[in-house]
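Only one structure is covered here, and it is reproduced in the block below.
The values are calculated or read from the model by the stated rules, or taken from the named source; none is laboratory data. Everything quoted here is computed from the prediction, not taken from an experiment. Cβ: placed from backbone, ideal geometry, glycine included. Neighbour counts: every protein chain shown. Just the protein is used for accessible areas: all its heavy atoms, side chains included, with ligands, DNA and RNA removed. Shrake-Rupley method; radii C 1.70, N 1.55, O 1.52, S 1.80 Å.
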Amino acid sequence: NKKQDFNLKGIILSGGAHSVYDNKIQFDKKWIELGLPVLDICYGHQLLASLFNAEVKESRPEYGKEEMSIIAESDLFKGLPKKSIIWMSHKDTVKNLPDNFVQTACTFNSENTSIEDSKLKLYGIQFHPEVSHTEGGIQILKNFTIKICKVIPVEKWTSELFIKET
């Protein structure tokens, strides 16, 4: 189906503790071909990298708080300090960048904590922005939905806008 069929603005993919090599969760690139912004969290991050032929390998597991350093400008991290505490929960890691992707953040143990292809609007993050332990996690989700996906925030939603949209 086309993105217009569902009025989609973006996609967020997360996942669980599986490895992309378990073959337990099957995906193809059709969701990328919609041309929508995609935020890939944890397993989704590894899936995104593997779909673009990057190497994902078993690594030293990270479970808990880690310090993340933002190393490149990204719309995803607008308004965040260069260093913050994030929540990790993974045993595999993205070892090398897919073609046309850039590394935007890292931790001591995870070189590619955040990667993106801003032209295709594909964003992969190894950590969990949705948990309270991640500093600035809500800002990251707002940046993705409002700045990148161009979703109108609820506080700006009016009955006139609803009528126009429907």
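Report whether or not HIS18 is modelled with pLDDT under 80, surrounded by 12 or more Cβ atoms within 10 Å (Cβ to Cβ) and within 20 Å of LYS95 (Cα to Cα). For HIS18, the condition - modelled with pLDDT under 80, surrounded by 12 or more Cβ atoms within 10 Å (Cβ to Cβ) and within 20 Å of LYS95 (Cα to Cα) - is met. Being out of contact with any Cys (no Cβ under 6 Å at 6 or more places or on another chain), in a strand (DSSP E or B) and among the charged types (D, E, K, R), is that true of even one residue in segment 107-124? Checked against the condition, which is being out of contact with any Cys (no Cβ under 6 Å at 6 or more places or on another chain), in a strand (DSSP E or B) and among the charged types (D, E, K, R), segment 107-124 yields at least one hit. From the list LYS91, LYS83, pick out the single residue that is open to solvent by 80 Å² or more (accessible area, probe 1.4 Å) and either under 25 Å from HIS18 (Cβ atoms) or hydrophobic (A, V, I, L, M, F, W, C) (or both). That would be LYS91, the only listed residue that is open to solvent by 80 Å² or more (accessible area, probe 1.4 Å) and either under 25 Å from HIS18 (Cβ atoms) or hydrophobic (A, V, I, L, M, F, W, C) (or both). Residues that are assigned to a helix (DSSP H, G or I) and open to solvent by less than 80 Å² (accessible area, probe 1.4 Å) do occur in segment 32-42, at least one of them. Once segment 54-80 is narrowed to residues that are modelled with pLDDT of 90 or more and polar (S, T, N, Q), the residue that is surrounded by the most Cβ atoms within 10 Å (Cβ to Cβ) is SER74.
When the criteria are applied in full, PHE127 fails the requirement of being open to solvent by 60 Å² or more (accessible area, probe 1.4 Å), under 15 Å from GLU67 (Cβ atoms), touching a residue at least 12 places away in the same chain (Cβ under 8 Å) and not in a strand (DSSP E or B).
The condition (being more than 19 Å from SER50 (Cα to Cα) and within 16 Å of the chain's Cα centre (by Cα)) is satisfied by just one residue among GLU111, GLU130: GLU130.
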